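Everything on this sheet refers to the single structure shown next.
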Amino acid sequence: MFRLYKFFVLVFFLFGSMHLSAQSFYKEMQSRDNIVSIGVGPSFAYLDNGGQYRSFNFEFKPSVSASLIKRLNDRFEIRATGGVQWISSGGNPSTSVTDIWTSNNSAFTANGSVIYFDVMPSFYVIPFGNHMNRSMFNLYGGLGLGVMHSNTEQTKSFNAEERPVRKKVTTGYVPIRAGLSYSIGPFSDIALEGTMLLSFTDNLDGNIGFNRFDNDILVQGQLVYRRYFFSDFSR
């Protein structure tokens, strides 16, 4: 009788483990088409008083971003991204340059932050239908539309006794992003991601019309962690 009891217990656990395994396999056959990502890395701002860019004499500042991504099919997705980038003027402008700034009543320095939010479609170079069969490496990229808000303290000289004036600017921008992702598990990737935020204004820094390009540009390079998940968390 005791042997028969042990036999039924063994059968029960074997069946239960097989059932759970089948459930897990079936569950992962359902593609995880939602991704959350968090990125951090260095950045710089292309400003009229930002520095001497050809000689790499400008300031690097940190940037942080977070995204929610919805995969639409095996190649395309829609992505919403928000974040913050710290910006700073820099370099060593010559006297002739500062004389022009003085005559234009332009800011010599600008230091602060820019918060931003954008929505963009993007695509994968290597398509995949399910998160379980994605390639180890992949390239992705796209462009979209967003809005940013800068909050800086500006001065109109290099005089240490000058009291900075706070300036706030809200404007639109076009984000351009591209990344190289590497799969580190069935549900996770890490990626190296580059971003350019092409603003619709040349006045983030209080200095207009001095640089070669018409408007101010934010540039970021980030290490990004990406996690795939179901839209229905009960599954």
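The values are calculated or read from the model by the stated rules, or taken from the named source; none is laboratory data. Since we're looking at a predicted model, the values are computed, not measured. Please note: Cβ atoms are built from the backbone with ideal geometry, for glycine as well, and neighbour counts cover all protein chains shown. Only protein heavy atoms, including side chains, enter the accessible area calculation; ligands, DNA and RNA are left aside. Shrake-Rupley method; radii C 1.70, N 1.55, O 1.52, S 1.80 Å.
A few notes on this one:
- Cα centroid separation, the range 83-110 to the range 122-155: 31 Å.
- For the chain, size of Cβ-based charge dipole, Lys and Arg +1, Asp and Glu -1, in debye: 1180
- Residue-averaged [θ]222 nm for the chain, counting only DSSP H segments that reach four residues, each worth -39500 (n - 2.57): -5500 deg cm²/dmol
- Volume of the Cα convex hull of the chain, divided per residue and given in Å³: 162
- For VAL165 and GLN30, a Förster radius of 45 Å and the Cβ-Cβ distance give a FRET efficiency of 0.20, rounded to the nearest 0.05.
- Exposure ranking of TRP101, TRP86 by accessible area [1.4 Å probe, largest first]: TRP86, TRP101
- Karplus (6.51, -1.76, 1.60) ³J(HN,Hα), θ = phi - 60°, over the range 30-47, in Hz, Gly and Pro reported as x: 7, 5, 7, 9, 10, 9, 10, 9, 10, x, 8, x, x, 7, 8, 10, 8, 10
- The range 43-77 residues near the modelled THR98 label - backbone nitrogen below 16 Å, point 7 Å along Cα→Cβ: 49-52
- The listed peptides 61-68, 133-140, ordered by packing as a protection proxy, come out as 61-68, 133-140 (highest mean of other Cβ atoms within 10 Å first).
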